[in-house]
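**Q** First the structure, then my questions, so here it is.
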Amino acid sequence: MMRMVLFRIALILTALILVVLVSLFSGVRFGIMLLAGFGFGVVLEGLRFGFAGPWRAMILHREPAGILAQLLAIGLVACVAIPMLAAHPTELSGAQAPIGWAMIGGAFVFGAAMQIILGCGSGTLVNAGSGNPVSLVALPFFALGSFAGAYHIFWWTDLGTLPIITLKGGTGLVATLIGLIVTAGIFFMLGKKGSRGLPRRYIIAAILIAVLAICNLLVAGQPWGVVYGLGLWAAKGAVMLGFDISSSIFWAASSSVGRLNSSVLTDYTSLTNIGMVIGAVGVSVWRNRDLSQPVPSYPLRTWFAVIVAGLALGYASRLAFGCNVGAFFSGISTGSLHGWVWFIAAFMGAFLGIRIRFFVGLEPS
Amino acid sequence: MTRGLTSTIALAGLFILVGIDIWVTPPNPYQSPPLVAFGSGFSASGGFCGNLLNEISTTVPGQ
């Protein structure tokens, strides 16, 4: 017992030492972002809060609790973020992006792919950290897909894109909250009797995720995101291997070149991504039972499907201007209309993804 | 094979990635921004998946 307590204290100290090191060598703001990433990872893994699983539970079993918790977290963030963005438009930026054909298609494909591997943007990172082999294999391909999606982004947006539509200020907040309440009401009514209530762990998780997302916005000046950091890692690798990125409008832009020449320890999404993986590892080690479980074995076609789904997750999330975190969670909570469209398209894609998951052997039918 | 092994591989991969990155592009603490963006007076400048077009339109002429 005493040995376990000491071990857990050592875990916490290790995490704090990493935060101090990043603060010393990159800057205190970046250390705080790593700490926020730890928080996301601990809450998501520790309280089993996610995105892909609850969507699946709603579609297959009409259990709406997880989605209701997601909407609660988004609403809590919106109450702080939308007024803050209106009051401080230069220091803070929202997850605001345009609606377009590629954006809708990208969200649909993302919704399908996240059901195939049962992991979204944050889920893939957290699951990889907690020892899920499917997410571990999908993660590097997610990063490659994100790099490639950004590489081709302007070809896709040329297919047709509306101007950015944002719900701003007090009116925008009221409209967002009404939208969330109506959506929650629809899921509540569609839900099976007896499974509509929110378990306590979901309420706690929604509040903690909301607090961390608000901290992310105030400290970094931008909302919580995942995909940009993954694409940046792949882009850095590509440049290191001699890949010519000058023909990509996105990667050859001065802002991208600046970030490629800077440490990942100064990139906000990279830091929260790193924190999420380490946080999930920490929770798994803390529990002291999860990591001794054997990993399931799958046939070759399943691993092929996982690789394709990983690439699709990364590529599609770039066309969709974010994943479940950057577009759905942060988009809606900062008043971007594209977040709502993303949610509808991705949820429709999830129906297809659930079928494909059975087909490729990731789950017995 | 247990989840412990896959978890260790994930962690090792992450540390290798960060290690190589530090070696190639070492961070500079003397260029660090203010503690918190909110109230700093500086524009938000981090990379974000939702801001691809805005970002390029301000950095690439003609886009």
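**Q** Per-residue ellipticity at 222 nm for the protein assembly as shown, helices alone: DSSP H runs ≥ 4 residues times -39500 (n - 2.57), over residue total, nearest 500 deg cm²/dmol?
**A** -22500 deg cm²/dmol
**Q** Then there's this: I need the peptides B:28-40, A:115-127, A:249-261, A:286-298 ranked by packing, meaning the mean over residues of other C-beta atoms within 10 angstrom, with the highest value on top.
**A** Ranked from most to least packed, the peptides come out as A:115-127, A:249-261, B:28-40, A:286-298.
**Q** Something else: Please report, ordered by residue number, every helix of chain A (full DSSP H runs) that is 27 Å or longer along its axis going by C-alpha atoms and whose mean Kyte-Doolittle hydropathy reaches 0.5.
**A** Helices meeting the criterion: A:2-25, A:65-87, A:133-151, A:169-190, A:200-220, A:268-287, A:300-319, A:337-359.
**Q** Right, here's the next one. How high is the relative contact order of the range A:2-359, given as a whole-number percent (alpha carbon pairs under 8 Å, six or more residues apart)?
**A** 39 percent
**Q** Mind checking Rg over Rh on the range B:3-59, alpha carbons, Kirkwood formula for Rh?
**A** Radius of gyration relative to Kirkwood radius: 1.13.
**Q** Working with all protein chains in place, sort A:M1, A:M189, A:M84, A:M33 by solvent-accessible area computed with a 1.4 Å probe, largest first.
**A** These residues rank, largest area first, as A:M1, A:M189, A:M84, A:M33.
**Q** Beta carbons within 10 angstrom, averaged per residue: use that to sort the peptides A:53-64, A:201-212, B:12-23, highest first.
**A** So the order, starting with the most tightly packed, is A:201-212, A:53-64, B:12-23.
**Q** Counting alpha carbon pairs within less than 8 Å and at least 6 residues apart, what relative contact order, in whole percent, applies to the range A:233-365?
**A** Averaging sequence separation for qualifying contacts and normalising by length gives 14 percent for the range A:233-365.
**Q** Roughly how many Å is it from the Cα centre of the range A:107-171 to that of the range B:1-49, as a whole number?
**A** Between the Cα centres of the range A:107-171 and the range B:1-49 lies a distance of 19 Å.
**Q** Which aspartates and glutamates have a Cα lying under 19 Å from the Cα of A:K192, excluding residues fewer than 8 positions away in the same chain?
**A** Leaving aside aspartates and glutamates fewer than 8 places away in the same chain, those within reach of A:K192 are A:E63.
**Q** To the nearest Å, what is the center-to-center distance of the range A:77-98 and the range A:228-295, using C-alpha atoms only?
**A** That distance is 25 Å.
**Q** Across peptide A:283-290, how many C-beta atoms of other chains are within 10 Å of each residue C-beta, on average?
**A** 1
**Q** Which aspartates and glutamates, on any chain, are close to A:K236 with Cα under 12 Å apart, when same-chain ones fewer than 8 places away are left out?
**A** A:D244, B:D21
**Q** What does the structure give for A:268-275 when I average, per residue, the other chain Cβ atoms found within 10 Å of the residue Cβ?
**A** 3
**Q** Can you tell me the Rg and Dmax of the range A:248-323, counting just the alpha carbons, in angstroms?
**A** Spelled out, the Cα radius of gyration and Dmax of the range A:248-323 are 17.5, 48 Å.
**Q** Remind me, relative contact order of the range A:87-230 in percent, using alpha carbon pairs under 8 angstrom and six or more residues apart?
**A** 38 percent
**Q** Using only alpha carbon positions, build the gyration tensor of the protein assembly as shown, then give the equivalent ellipsoid semi-axes as the square roots of 5 times its eigenvalues, largest first, whole angstrom.
**A** Taking √(5λ) for each eigenvalue gives 28, 27, 23 Å, largest first.
**Q** Cα centroid distance between the range A:307-330 and the range A:4-76, in Å?
**A** Here the answer is 19 Å between Cα centres.
**Q** In addition: Heads up, I need the accessible area for A:K192: 1.4 angstrom probe, whole protein in place, Å², nearest 10.
**A** Answer for A:K192: close to 80 Å² accessible.
**Q** Count, for each residue of A:145-158, the Cβ atoms from other chains sitting within 10 Å of its Cβ, then give me the mean as a whole number.
**A** Average neighbour count from other chains, rounded to a whole number: 1.
**Q** Near the amide H of A:G100, under 5 Å away, which other amide H atoms are found, from residues 5 or more places off or on another chain, if H is placed in the peptide plane?
**A** A:L162
**Q** Using the Kirkwood radius over C-alpha pairs as Rh, can you work out the diffusion coefficient of the range A:126-243 via Stokes-Einstein at 4 °C, viscosity 1.567 mPa s, in µm² per second?
**A** 70 µm²/s
**Q** I would also like to ask the following. Ignoring ligands, DNA and RNA and using a 1.4 Å probe, state the total buried accessible area between B and A in Å², rounded to the nearest 100.
**A** Chain pair B/A: roughly 4900 Å² of buried accessible area.
**Q** Highest first, please rank the peptides A:67-75, A:105-113, A:11-19, A:327-335 by the mean number of other Cβ atoms sitting within 10 Å of their residues.
**A** A:327-335, A:105-113, A:67-75, A:11-19
**Q** What distance in nm separates the two pseudo spin-label positions at B:F42 and A:R289, each 7 Å out from Cα along the beta-carbon direction?
**A** Taking the simple label geometry, B:F42 and A:R289 are separated by 4.7 nm.
**Q** Additional query: Once amide H atoms are built 1.01 Å from N in the peptide plane, which residues 5 or more positions from A:S336, or in another chain, come under 5 Å H to H?
**A** Those lying under 5 Å, H to H, from A:S336 are A:L167.
The values are calculated or read from the model by the stated rules, or taken from the named source; none is laboratory data. No experiment lies behind these values; they were computed from the predicted model shown. Neighbour counts run over all protein chains shown; Cβ positions are idealised from the backbone, glycine included. What goes into the accessible areas is simple: the full protein's heavy atoms, side chains included, and nothing from ligands, DNA or RNA. Shrake-Rupley method; radii C 1.70, N 1.55, O 1.52, S 1.80 Å.
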